Structures are given as structure tokens and as C-alpha cells.
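Okay, structure first, notes after.
The values are calculated or read from the model by the stated rules, or taken from the named source; none is laboratory data. Treat the numbers as computed from the prediction; the structure is a model and nothing was measured. Here the Cβ positions follow ideal geometry from the backbone for every residue, glycine too, while neighbour counts run over all protein chains shown. To get the accessible areas, we keep the full protein, side chains included, count just its heavy atoms, and leave off ligands, DNA and RNA. Shrake-Rupley method; radii C 1.70, N 1.55, O 1.52, S 1.80 Å.
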Amino acid sequence: MAQEFDVLVIGGGPAGYVAAIRAAQLGLKTACCESNPYADPKGQPRLGGTCLNVGCIPSKALLHSSELFDHANHAFIMHGIKAEGVEIDVPSMIRRKDNIVTQLVSGIKGLFKKYKVTFLAGHGSFVADADGMWKMKVGDGEVIAKHVIIATGSSARHLSGIPVDNVQIVDNEGALQIDAVPKRLGVIGAGVIGLEMGSVWKRLGSEVTILEALPDFLAAADQAVAKEAWKVFTNKQGLKIYLGVQIKEVTTSPAGVSVKFEDDNGEQLLECDKLVVAVGRVPNTDGLNAQAVGLQFDQRGHVEVDGHCSTNLRNVWAVGDVVRGPMLAHKGMEEGVMVAECIAGQAGHVNYDAIPWVIYTHPEIAWVGKTEQELKAAGIPFKQGQIPFLANGRALGQGDTTGFVKVLAHAETDQILGAHIIGTNASELIGEAVLAIEFGASSEDIARTSHAHPTLSEVMHEAALAVDKRSLHF
Ligand code: FAD
Ligand code: NAD
């Protein structure tokens, strides 16, 4: 006898588990199925998806550990703290990261219990449209659902001729399990993962070389931020980054990995002990039996959806990395909430103009809204205020004054169109600008808001004041 639900969510990553919790909160009888091959402490497939298991959470744990190591070696001394013979115990660092992951992954099962979401262990796929309901297969069983939310996420993109074994040549999964500091680490792709993982191992002592296909560094970021980041990462921190690269051949031997590549200087060879492949991600759409029900995909292989994440099929929705838009956990969560609310008859909505981006390097990079180059290309008149952390008392006290905050506002209405930060704690500071954009605030609104002193947030305040050329401390 098939179990029947109002909503079946396929995939228990951030987009899926949040959609399931919100749907259940709204009184819908909800199930979420998950087929992660790795088991949680109860022996069931792990919830949490890429983000909790092999993405956001473990990478940030390693970034923090490696930053502490770096501080102990290079920053303590300016505070008069002498730390000699500091060593890194990589297996302990990895174990700590694994424990954090296990704790959070298990926590979602607890949330499911609390909100009465039925967890179904197994792979979910479509069987047929059955009298206005969807007949679905989950594992070996059958489920009938009125609404289906596809939240199957994404997987690392691999390159042909570069076999990932997650030992010598690794993607995000292997990069989070490296158990000793490689002397020489190669990375293909100077995107978010390349920079974050490159930073971890550089701080721990690896010689890190990143090979990027595009001629521009961090092309999606505001170019002022990208320029500053390039200076800090290459000149100050010693990351070797090659741009405009074409990978020719990758070979492995017990001695390591050889990467033949070409750039403006001709053919070159990179010899490394491990190679990280971080060239983007592809949506997980295989195995849904989509053809049987006529589910449509867009040109890039994502499930095609409208602005409310509704697919071409009645009562079938799709959220998170499997659909268009940035592959970010918080974007997927917002979509999950929107869809659950739409199903419940409410006015679910996502403001795609107010989704923040963060790169958790040091300094951190964070932005929301439009970049200066986007505004110029669109012919939108704007004014800007840019203030460095250098003049901020808190940043000086912390010994961390790299970077700046840049606020872009409409030249006529003063509405904030974008905010761009490179600097310490940028990931937290960007929240104020996200809220400002969500509320349609003007730069004057931030300028007239009291900011605690002494805090890093005063740099955002000063940047907003600077939009009107009236900064007080710079
Ligand atoms: P996923 O998290 O991929 O979850 C999909 C789930 O569906 C998986 O558990 C999968 O097993 C399951 N599944 C797939 N098919 C089926 C099926 N047919 N039946 C049952 N289950 C199925 N984003 C941020 O916002 N901040 C960060 O700091 C950040 N850091 C990252 C670091 C790394 C190294 C990586 C790789 C990604 C990072 N991301 C980050 C991106 C973030 O992880 C993703 O955007 C997010 O996980 C997407 O959520 P999702 O629920 O759409 O998909
Ligand atoms: P990415 O899109 O950020 O970067 C991939 C980079 O690889 C790009 O710069 C691209 O030009 C380059 N590239 C592509 N093909 C190449 C080739 N053949 N040779 C050399 N370079 C090549 O992708 P990613 O770093 O793999 O991360 C995947 C996604 O995961 C990100 O887009 C992001 O959505 C998410 N993520 C987010 C965070 C965060 O929010 N802090 C962290 C990690 C990952």
C-alpha cells in the first residue's frame, strides 16, 4: 500500500530540508526522501546535502582552523605574543571538521521529528501522473503525492581526460579529506572553491598554484574588489594564479600529478602532489525518470522553472542548485520556503536581487546587488562611496585593516543598488546591505542610522555617508 502525502520533497539538502520543514509547519503532510550513500550515526542516508556534508560547513571549519594556524605563525607577534614551534595536526583538524558535520547532519533529523516531516530513506523518482496525483518511487516503495518538490542539488563538474580519484586528483569531496599538508598543491579553477581550498592549504604550508581559464580574475565580483583581492592573494599571501590558461594534459604517477597547460607565455608544466579540480557544478537530474512524465530542462541542463520555481508539470516544483541562479545554500533555502508557502496558498516570494555572495578567504569578500561594471553596462546612473578599513579603530585594534566597503546608489533616487566588501568579517557585514536592498533603502537611510562604536560596521556607515561626499572619518 503506497504512502500518501500532500508534499514529497526529493533531496534533503538545504533547499529540500527547508522546503519540507516549512511545508510541515504550514500543516501539509510532508515527506522528504534522501539517497546519500554515506550513512549518519543511525545508519540512515545523511541529510544536509552538499552544504552540510561536503560543502559550506566542512570548508568553513577548515578555513577557520587554518586561519588560526596562520595567525599563530604570523599575526600573534604583532600583539606581543610569541608562539614558537607551532605545528598543525592535520588528522585532528579533519576529525574536528567531521564532528561538526555529523552534529549538524543529525540535527536535521531532530528538526524533522519536531516538525513532523516523514523521512524516507531512498532514491526518489517519478513513475506517472495518476488522477491528479503523482505516483513516485522511493527506494523500493511507492509514494503518492499531490505536490512534488525536486531538490536534488548538484555535483562537481569534472573535465574529460582528468580522472578524479579523490586521492591524487580531487574534487570538493576529496579536497575536504586531505590528511597531510601536500608540499605542492595544484588547483584548476580560480572560482570560489579554488580560492577557499587554495587558501586553506597555503596557510598550512603548501605551495599553491591555481590555473584559471578566464583572462579576468573574479569576473563576477566588482572589479575594484577583484583588483584588491588579486593584490592580496598573489603579492601578500603568495598564491600563484595563472589566468587565461588552457589545460592540455594531466598525467599521474606515484610521484605526483603533472599538468601541461598553455597561457600567453606558451606551454608550461605544473608538477604537484595533489590536484584539486574546481571548475563549477552540474545539476543532479539523472535518475528522476523525468522523460516518463515530460519534465522540461533549460539549455544548461537545469530543471526549467518560472520565478516561483514552478516547473512545466502541474504541482511539480524545483528549488536550489538543480534550477537556474546562483548555486548557494541560502538561495536554495529561500526558494524552499517560497515553494512551501505557494503550495499552502500563501504569497511565497524570493527577491533574487537581494541574495548575498560571500567568498570566505582572508580577507573575506562579500557583495549584494549590482557591481559597478553591471550598472555601467546597463546605463544606470549611479554614485558611489568607498571607504577603507585602514581608518577604522576596530580594524586597527584587530590588526586587520586590508580592504574596503563600497556602496553604489542610484544617482537620482539614492536607492542602494549594490554593496561590495573586501575585508575582515565581510560575511557578517554584508547583512546590513542585504537588508537595505530588501527594504529598498537609500544610502541616506544607512548614513542616518546609528552604528555602534567601535565596530567594523562603521566602515559601511562611512561608505554610505561617502556616497553623498560627507564621510566624517575619512
Ligand atoms: P544539495 O545540497 O546538493 O542537496 C541535494 C540532495 O539531494 C543531496 O543530499 C543528494 O544526495 C539528494 N538527492 C539527489 N538526487 C536524489 C534522488 N533522486 N532521490 C533522493 N535524494 C536525492 N553555498 C553557500 O551558500 N555558502 C558556502 O559557503 C558554500 N560553500 C560551499 C563549499 C563547497 C566546497 C561546495 C561544493 C559548495 C558550497 N556551497 C556554498 C554551495 C552549496 O553547498 C549548495 O548551493 C547547496 O548545497 C545546494 O543545496 P541543494 O539542497 O539545492 O542541493
Ligand atoms: P566557480 O564557478 O565558482 O568557479 C569555477 C572556475 O573554474 C571559474 O572561474 C571558471 O572560469 C574556471 N574553469 C572552468 N573550466 C575551466 C578549465 N577547463 N580550466 C581552468 N579553469 C576553468 O565554481 P566552483 O569553485 O567549482 O564552485 C562551485 C559552486 O559552488 C560555486 O559556483 C558556488 O555557487 C558554490 N560555492 C559557494 C561557496 C561560497 O558561497 N562561499 C563556496 C564554494 C562553492
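Residues are listed down the side, and each one gets a yes or a no for (1) surrounded by fewer than 18 Cβ atoms within 10 Å (Cβ to Cβ); (2) more than 18 Å from residue 28 (Cβ to Cβ):
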position	(1), (2)
303	no, yes
324	yes, yes
329	no, yes
333	no, no
339	no, no
Residue match in region 57-71 (condition: more than 30 Å from residue 192 (Cα to Cα) and within 15 Å of ligand 1 (Cβ to nearest atom)): no
From 47, 52, residue being modelled with pLDDT of 95 or more and either within 16 Å of ligand 2 (Cβ to nearest atom) or in contact with a His (Cβ under 9 Å, 6 or more places away or on another chain) (or both): 52
Among the candidates 200, 259, residue that is open to solvent by less than 20 Å² (accessible area, probe 1.4 Å) and in contact with a helix residue (DSSP H, G or I) (Cβ under 6 Å, 6 or more places away or on another chain): 200
One residue from 325, 332 being in a loop (DSSP other than H, G, I, E, B), within 16 Å of ligand 1 (Cβ to nearest atom), out of contact with any strand residue (DSSP E or B) (no Cβ under 9 Å at 6 or more places or on another chain) and in contact (Cβ under 8 Å) with a residue 24 or more places away in the chain: 325
Yes/no for residue 105 being open to solvent by 50 Å² or more (accessible area, probe 1.4 Å) and in contact with a Lys or Arg (Cβ under 7 Å, 6 or more places away or on another chain): no
Residue satisfying all of: in region 146-177; over 20 Å from residue 280 (Cα atoms) and open to solvent by less than 50 Å² (accessible area, probe 1.4 Å); farthest from ligand 2 (Cβ to nearest atom) among these: 147
Some residue of region 187-205 being at positive phi and not polar (S, T, N, Q): yes
Matching residues, region 298-322, being outside any loop (DSSP other than H, G, I, E, B) and under 16 Å from residue 153 (Cβ atoms): 303, 317, 318, 320, 321, 322
Condition check for residue 297: within 16 Å of ligand 1 (Cβ to nearest atom) and of a type in the set (Phe, Trp, Tyr): yes
Identity of the residue in region 421-468, charged (D, E, K, R) and in a helix (DSSP H, G or I), that ends up most open to solvent (accessible area, probe 1.4 Å): 428
Test for residue 125: is it within 15 Å of ligand 1 (Cβ to nearest atom), out of contact with any Asp or Glu (no Cβ under 7 Å at 6 or more places or on another chain) and not acidic (Asp, Glu): yes
Output for region 50-64, where each listed residue is in contact (Cβ under 8 Å) with a residue 40 or more places away in the chain and open to solvent by 20 Å² or more (accessible area, probe 1.4 Å): 50, 53, 54, 56, 57, 60
The listed residue being at pLDDT 95 or above, within 28 Å of the chain's Cα centre (by Cα) and under 18 Å from residue 364 (Cβ atoms), out of 446, 430, 437, 416: 430
Of the criteria (1) over 27 Å from residue 471 (Cα atoms); (2) touching a residue at least 40 places away in the same chain (Cβ under 8 Å); (3) under 25 Å from the mean Cα position of the chain (by Cα), which one residue 316 fails: (3)
Residue match in region 310-318 (condition: among the charged types (D, E, K, R) and surrounded by fewer than 21 Cβ atoms within 10 Å (Cβ to Cβ)): yes
Scope region 278-293; condition within 11 Å of ligand 1 (Cβ to nearest atom), in a loop (DSSP other than H, G, I, E, B) and of a type outside the set (S, T, N, Q); matching residues: 278, 280, 286, 287, 288
Residue in region 275-288 that is within 13 Å of ligand 2 (Cβ to nearest atom) and within 18 Å of residue 7 (Cα to Cα) present: no
Qualifying residue in region 184-194 (condition: away from ligand 2 (no atom under 11 Å from the Cβ), touching a Pro at 6+ places or on another chain (Cβ under 8 Å), over 30 Å from residue 17 (Cα atoms) and not in a loop (DSSP other than H, G, I, E, B)): no
Test: residue 210 is within 13 Å of ligand 1 (Cβ to nearest atom) and touching a strand residue (DSSP E or B) at 6+ places or on another chain (Cβ under 6 Å): no
Close pairs from region 383-404: first open to solvent by 30 Å² or more (accessible area, probe 1.4 Å), partner outside any helix (DSSP H, G or I) and among the basic types (Lys, Arg), Cβ under 7 Å, at least 6 apart: 384/406; 386/406
Any hit, region 40-51, residues being at negative phi and small (Gly, Ala, Ser): no
Subset of region 75-84 (residues that are modelled with pLDDT of 95 or more and open to solvent by 50 Å² or more (accessible area, probe 1.4 Å)): 76, 77, 78, 79, 80, 81, 82
Region 1-38, residues that are outside any helix (DSSP H, G or I), within 13 Å of ligand 1 (Cβ to nearest atom) and not small (Gly, Ala, Ser): 8, 9, 10, 32, 33, 34, 36, 37, 38
